[in-house]
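Accompanying notes for the structure given below.
The numbers here are math on the coordinates, done by the rules we state, and not lab data. What you are looking at is a predicted structure, and each value in this text was computed from that prediction instead of being measured. Every residue, glycine among them, receives a Cβ derived from its backbone with ideal geometry; neighbour counts consider all protein chains shown.
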Amino acid sequence: MIEVKSLTMRYGNFVALSNVSFQAREREILGLLGPNGAGKTTAMRILTTYLYPTSGTAKIDNDDILENPLAVRRRIGYLPETAPLYPDMQTEEYLTFVACARGLNGSKLLERLRWVREACGIESIWKHSISEISKGFRQRVGLAQALIHDPKVLILDEPTTGLDPLQIIDIRKLIKELAKEKTIIFSTHILQEVEAIADRIVIINEGVVVSQGTQQELANEARARGETKEDLSLEDIFIDLLRPRKRKESFTRNP
Ligand SMILES: Nc1ncnc2c1ncn2[C@@H]1O[C@H](COP(=O)(O)OP(=O)(O)O)[C@@H](O)[C@H]1O
Ligand SMILES: [Mg+2]
């Protein structure tokens, strides 16, 4: 469904991504896990065709990001690191605006507005100005704009950052529910996040994919590298993979 092939991205002389490849299958939740600065946002910006890579490419549902960027954009919903909201608009007004930009109109438009209002739990702030709503609601409205056109693929950049524990649980539940019919790639620097919701994990560090697979596959790989601990947690695997490059204390469970 999503195939990322040898992506390299340079900002001037700085190599933000180096030969990054991974795949996501249909209706899979893929967690892109890595410390701050690993290159997660860069990878997502390339997948959403916001940035063009220095080399390599990716296919989303058979459409190539370089050859057919408009088809790719139609197919994906994107929640950037900071939700792209207009604070002066009311929630309803903003989502109507996004829906129209996505080409929806008439009864389909009303139907999708109703759907995101309920699915994202934003009924109570529907008529509120976005400048007045809490961070948790802003994130939900951000998710609603990513979902308004019912895309097959969702790309979510750190979707739970800045939310309180209850809000995090709510968003995780929603992401899991959405994965029944969508393919989802989300990024995070928080281990529990991938443990809680990802079917498969791509661990990225300093622009390089250091491991990928299910948690079980990552554990098997770590054992093959000589890790002897009985119950290998994702944290153990992460530390083992990143230790030569980064200091252990950068990756505590509760950053
Ligand atoms: N527009 C840019 N120009 C130069 N360097 C950038 C730019 N965007 C990101 N970087 C650098 O690329 C690296 C990866 O950044 P990013 O993709 O945002 O990582 P992450 O999302 O994993 O925190 C960082 O070192 C960042 O400073
Ligand atoms: Mg980022």
TODO: Among the candidates Gly142, Gly106, Gly162, single out the residue that is within 16 Å of ligand 2 (Cβ to nearest atom) and surrounded by fewer than 16 Cβ atoms within 10 Å (Cβ to Cβ).
DONE: Gly162
Open item on the list: If I filter the range 1-12 down to residues being hydroxyl-bearing (Ser, Thr, Tyr) and touching a strand residue (DSSP E or B) at 6+ places or on another chain (Cβ under 6 Å), which single residue comes out as nearest to ligand 2 (Cβ to nearest atom)?
Closed with: Thr8
Task: Complete set of residues in the range 48-83 that are closer than 13 Å to Leu156 by Cβ, away from ligand 1 (no atom under 12 Å from the Cβ) and not hydroxyl-bearing (Ser, Thr, Tyr) - done: Ile76, Gly77, Leu79, Ala83
- [ ] Please work out which residue is farthest from Ser233 (Cα to Cα), limiting yourself to the range 169-190 and to residues that are aliphatic (A, V, I, L, M), away from ligand 1 (no atom under 16 Å from the Cβ) and touching a residue at least 24 places away in the same chain (Cβ under 8 Å).
- [x] Leu178
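Using the structure shown, decide if Tyr52 is more than 16 Å from ligand 2 (Cβ to nearest atom) and touching a helix residue (DSSP H, G or I) at 6+ places or on another chain (Cβ under 8 Å).
Taking the combined requirement at face value, the residue satisfies it.
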Task: Subset of the range 191-210 [more than 28 Å from Thr54 (Cα to Cα), over 12 Å from the mean Cα position of the chain (by Cα) and either within 15 Å of ligand 2 (Cβ to nearest atom) or touching a residue at least 40 places away in the same chain (Cβ under 8 Å) (or both)] - done: Leu191, Gln192, Asp199
- [ ] Select from the range 211-239 the residues that are small (Gly, Ala, Ser) and either in contact (Cβ under 8 Å) with a residue 12 or more places away in the chain or surrounded by 14 or more Cβ atoms within 10 Å (Cβ to Cβ) (or both) and list them in ascending order.
- [x] Ser211, Gly213, Ala219, Ala222, Ser233
- [ ] Give the residue, chosen from Ile155, Ile171, that is crowded, with 20+ Cβ neighbours inside 10 Å and not in a helix (DSSP H, G or I).
- [x] Ile155
Open item on the list: I want to confirm something. Restricting to the range 13-49 and keeping residues that are more than 16 Å from ligand 2 (Cβ to nearest atom) and among the small types (Gly, Ala, Ser), which single residue is surrounded by the most Cβ atoms within 10 Å (Cβ to Cβ)?
Closed with: Ala24
